[in-house]
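The values are calculated or read from the model by the stated rules, or taken from the named source; none is laboratory data. Just so it is clear, the structure is predicted and the values come from calculations on it, not from any experiment. Note that we place each Cβ from the backbone using ideal geometry, even for glycine, and neighbour counts take in every protein chain shown. To get the accessible areas, we keep the full protein, side chains included, count just its heavy atoms, and leave off ligands, DNA and RNA. Shrake-Rupley method; radii C 1.70, N 1.55, O 1.52, S 1.80 Å.
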Amino acid sequence: MSTRVFEKWYREDRLPHIFCTGCGNGTVMNCSIKAVDAMQWNIDDTVFVSGIGCSSRAPGYISTDSLHTTHGRALAFATGVKMANPDLHVVVFTGDGDLSAIGGNHFIHACRRNIDMTVICMNNMIYGMTGGQGSPCTPVGKISTTTPYGAAEPVFDLAELAVAAGANHVARWTSYHTAELTKAIITGLSTEGLSFIEAMVQCPTAYGRRNKLRQVTDQVEWMRTHAMLLQKVRRMEQEGKPIPEEHFAVGEFVRRHRPAMGVRR
Amino acid sequence: MSKIEFMQGNTACCEGALAAGCSFFGGYPITPSTEIAELMALRLPKAGGTFIQMEDEIAGIGSVIGASWTGARSMTATSGPGFSLMMENIGYAVMTETPCVIVNIQRGGPSTGQPTMSAQGDMMQCRFGSHGDMATIAVVPSTVQEMYELTAKAFNLADRFRVPTFVMSDETIGHMRERVIIPDSVDIVPRKPLLEGELPFQAGEDGVPGFAKFGSGHRVHVTGLTHDERGYPDTTNPETHEKLVLRLYNKVESKRHEIADYDAVNTDAETVFVTYGPCARTVRQVLHDHPDEEIGHLNLRIVWPFPEDTLKLFPNAKTFIVPELNLGQMAREVARHMSGQKVLSMPKIGGLIHTPAELYAAVEAER
């Protein structure tokens, strides 16, 4: 990221940030800011909204109007902002716990309404800020402080959920796939209606440490080798072949033009 | 030219809000407040505003807070169970100094209770329901006319003090129909804007910072975390927290006698009724039936912040009688400010209001 983009969009007087060393959230923020800058949006017309958690601290470091709200409720606040003033560009940063556990109902209804905003979920598969408890996205068998014998519950597939609930654009990438992630966010920002981008990110402190992925590079490497292109996953499903264990789909799940709300006509 | 109409309390609430310039309603239907959402759904789009029915009350108040930051006068309406759900975000509105109006058409509780019957069981919740120390403002209408006027006034108080303001009505006033005089216009006191060079959470002598609406170029960061005058989180500094929370508290509480709105009748009386909401109507009937100036009446149209000086308007009072549709919530607040006088709580729950005979019997017993 060039210095110009950094200086333009970040609040330098807020540094240093609170993210742990090796956290993937910074990568997602950089990709997001790069995408927003590529849109040539006016800083004064752009609003970042978030809930509670590590990822939700992101708007505090960005030099726009920003709303750091209550746990799980970011999409409800963002809906108010966008519906009251459709001229504002609204981007939501959220985490897997924030969005899918406490905020699950707001998530499906924001997708159903197809409100014209971009939702970027930094999915680190854990509750990072509270110290590593299991989330609805902690993979089966993985260790957290509340799943000491291995997570027993199946995970939420947030991208498939967003597709089913009605979002106009849905994509998933990881903090390894920075070019693809940035491109997906640009597509999201340019698509009318709700765009949901799930970014899988490493959390060496709360997740990796307990799951034999202690080094930052270990977890990024795990994401690289376990991410499978959506087209390949779909083909294997059609052929009735099993998806290898712990693999997940990346790519563009949907881009469509259903009627959207919160668009200035 | 003002006009005269015959309307329901909940309708008057909408009309008062629209007259005050409300342009955003986000909420979730719940009896007995539903007519407010229904009428706002009908009226707001035609007035250039936005109505959105959210997935629950938590989302309703969340959307209202988001809309308020775009500069819109925004409101929601609910009843007991929905009000309980809103509590966390109400605390957020206090901490972030977000002006908004929350109408609670109270019903019997706890829990689902009596959806179609009247109660005043949420009076302490609107003051102390959210976690942490805070001050809020609550208006309480006793007539449909007052529902119109006080709803409009609630927007002005919310904007002036940048605090969530409650219209703490109830099923009785919400669903009754009365004659209402609709004025040509109502007073509108807008938010004080943030001036160039001011910090977004830096307050002057009145304790209220200028408002930097989204899109106006101030690039403000709004957070429910303890924050400094720039709006930046500063959660572990005891001084920052104490300074912020004391300011949020004092900006309202230090003005409570200025905010106060009440009627004081027969101020020489020895026996004085203290009411808010529908119980005032029964007392008015008692005074009408016994016009002897021996019975005093203090009716509070604003209960929070509690205007304790209004009790001193009755220097000869020996007994204050507090009829209310709960087990004595505000009677305790009245008693807190007594020095020797008796406070007689007259609680009533179940959904019906007191009869004039019940209240007059209490006066007789005190003679």
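Could you tell me which of the residues B:Pro32, B:Pro81 is in a loop (DSSP other than H, G, I, E, B) and either more than 10 Å from chain A (Cβ to nearest Cβ) or open to solvent by less than 10 Å² (accessible area, probe 1.4 Å) (or both)?
Exactly one of B:Pro32, B:Pro81 is in a loop (DSSP other than H, G, I, E, B) and either more than 10 Å from chain A (Cβ to nearest Cβ) or open to solvent by less than 10 Å² (accessible area, probe 1.4 Å) (or both), namely B:Pro32.
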Mind listing just one residue for me: the one in the stretch A:38-69 that is over 21 Å from A:Gly97 (Cα atoms) and among the hydrophobic types (A, V, I, L, M, F, W, C) and, of those, farthest from the other protein chains (Cβ to nearest Cβ)? A:Ala38
Mind counting the residues in the stretch B:207-240 that are within 20 Å of A:Thr70 (Cα to Cα) and of a type in the set (A, V, I, L, M)? 3
Subset tally (residues that are buried (at least 20 other Cβ atoms within 10 Å of the Cβ), among the small types (Gly, Ala, Ser) and not in a loop (DSSP other than H, G, I, E, B)) for the stretch A:18-42: 2
Subset of the stretch B:188-205 (residues that are modelled with pLDDT under 95 and acidic (Asp, Glu)): B:Glu196, B:Glu205
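Conditions (1) surrounded by 19 or more Cβ atoms within 10 Å (Cβ to Cβ); (2) of a type outside the set (A, V, I, L, M, F, W, C), marked per residue:
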{"position": "A:Pro154", "(1), (2)": "no, yes"}
{"position": "A:Ile197", "(1), (2)": "yes, no"}
{"position": "A:Tyr207", "(1), (2)": "yes, yes"}
{"position": "A:Met223", "(1), (2)": "yes, no"}
So A:Arg14 clears everything in (1) at the interface with chain B (Cβ under 7 Å from one of its Cβ atoms); (2) touching a Lys or Arg at 6+ places or on another chain (Cβ under 8 Å) except one condition, right? Which one? (2)
Out of B:Val103, B:Val64, B:Val94, I need the residue that is over 17 Å from A:Thr69 (Cα atoms), among the hydrophobic types (A, V, I, L, M, F, W, C) and under 17 Å from the mean Cα position of the chain (by Cα). Which one? B:Val103
Restricting attention to the stretch A:70-93, and to residues there that are within 7 Å of chain B (Cβ to nearest Cβ) and part of a helix (DSSP H, G or I), which single residue is farthest from B:Thr96 (Cα to Cα)? A:Met83
Tally, over the stretch B:219-253, of residues that are in a helix (DSSP H, G or I) and either touching a His at 6+ places or on another chain (Cβ under 6 Å) or open to solvent by 40 Å² or more (accessible area, probe 1.4 Å) (or both): 9
Verdict on A:Glu192 being open to solvent by 60 Å² or more (accessible area, probe 1.4 Å), of a type in the set (D, E, K, R) and at negative phi: yes
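Take the residues in the stretch A:108-137 that are part of a strand (DSSP E or B) and among the aliphatic types (A, V, I, L, M); name whichever of them is surrounded by the most Cβ atoms within 10 Å (Cβ to Cβ).
Taking the candidates together, the pick is A:Met122.
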Test result for B:Gly62, assigned to a loop (DSSP other than H, G, I, E, B), within 12 Å of another protein chain (Cβ to nearest Cβ) and touching a Lys or Arg at 6+ places or on another chain (Cβ under 7 Å): no
Looking at (1) surrounded by fewer than 24 Cβ atoms within 10 Å (Cβ to Cβ); (2) out of contact with any Gly (no Cβ under 6 Å at 6 or more places or on another chain), can you tell me which one B:Ser23 breaks? (2)
Residue satisfying condition, being at pLDDT 95 or above, within 13 Å of chain A (Cβ to nearest Cβ) and out of contact with any helix residue (DSSP H, G or I) (no Cβ under 7 Å at 6 or more places or on another chain), within set B:Thr70, B:Thr76, B:Thr96: B:Thr96
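If you take the residues of the stretch A:159-183 that are touching a Phe, Trp or Tyr at 6+ places or on another chain (Cβ under 8 Å) and surrounded by fewer than 23 Cβ atoms within 10 Å (Cβ to Cβ), which of them is farthest from A:Glu198 (Cα to Cα)?
So the residue we want is A:Ala165.
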I need the full set of residues from the stretch B:197-218 which are open to solvent by 80 Å² or more (accessible area, probe 1.4 Å) and within 14 Å of chain A (Cβ to nearest Cβ), in order please. B:Lys213
Any helices (runs of 4 or more DSSP H) falling wholly within the stretch A:166-265 and containing at least 2 residues that are within 15 Å of the chain's Cα centre (by Cα) and modelled with pLDDT of 95 or more: A:178-190
